Amino acid sequence: MIKKIFTTAAILLTLFSPITFAADNNAAPTATENKAVNIDTNNFVDYSSPSYKYTIKCPTKPVATDMKFETPALKGETLFFLNAQNEPLYIYRIEFDAFDGKVVPDFNTADQKTMDAYIAKLKEANLFEVATVASITKDTKGVFAITAKELERKNEQGEVELVTASNQAAVTYFRTKSGKCMSIMIVADELTEELLDAYRYSVTTFQDK
């Protein structure tokens, strides 16, 4: 079960080589390699948000809660995917205004020099095993990253020690056609290749109204 929920504000980004999210490319990246995992997208269900006016295809029917109940400043929803005992297996966090569009370059149009400068500012706090530019659709690029399962932190004596995170997250940052600054995150105890494949497909289906 999920022990702690990552918020997108806690994540900084670094960029490496490009990947493709397109539905006909089911390669799910892990820390060390890409492997193809077949998912049956015919079994996905449509979720429509009455509050935020977006739609997304999900592996199963989610239970939605508004992020403002967690933190009033947040705008978006957390989608819980439950087991037969109504316990959360994993979640999607769909956040609007997830980053400052005046500060973060437009991934669809920024030139390489601009992106390099942006990347340099982000490298100091690298929380990721995998980070990459992502082609979400043929018209949309974003940033995709997976948090590290093992993290370094300082103990009370000031010594650096390696700790294992209780869960793991993958996040995609992108702009919609209307200019909304979005993030879609998945959080699970373990990000399996099948979960990542399903998540990446879900991201490609996101539409705001």
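Every number here is computed from the coordinates shown, using simple stated rules; none is lab data. This structure is a prediction, so every number in the text was calculated from the model and none was measured. Using ideal geometry, Cβ is built from the backbone for each residue, glycine included, and neighbour counts are taken over all protein chains shown.
Taking Lys53 as the anchor, which aspartates and glutamates have their alpha carbon closer than 15 Å to its alpha carbon, excluding any fewer than eight residues away along the same chain?
Within the straight-line limit of under 15 Å, Lys53 reaches these aspartates and glutamates: Asp66, Glu77, Glu95, Asp97, Asp208.
Can you flag which of Lys75/Lys154; Lys61/Lys102; Lys113/Lys180 are past 29 Å Cα-Cα? Numbers along the way, then the final one.
Values: Lys75/Lys154 33 Å; Lys61/Lys102 35 Å; Lys113/Lys180 24 Å.
Pairs exceeding the cut-off: Lys75/Lys154; Lys61/Lys102.
Given R₀ = 35 Å, FRET efficiency for Asp208-Glu161 by Cβ-Cβ distance, to 0.05? All intermediate terms of the calculation are to be shown ahead of the outcome.
Details: r = 42 Å, r/R0 = 1.21.
Efficiency at R0 = 35 Å is approximately 0.25.
Take Thr109 and Leu89, extend 7 Å from each Cα along the Cα→Cβ direction, and tell me the distance between the two endpoints in nm.
So the label points at Thr109 and Leu89 sit 4.1 nm apart.
For the pair Glu70 and Lys177, how long in nm is the line joining their label points, each one 7 Å along Cα→Cβ?
The modelled label-to-label distance comes out at 2.9 nm.
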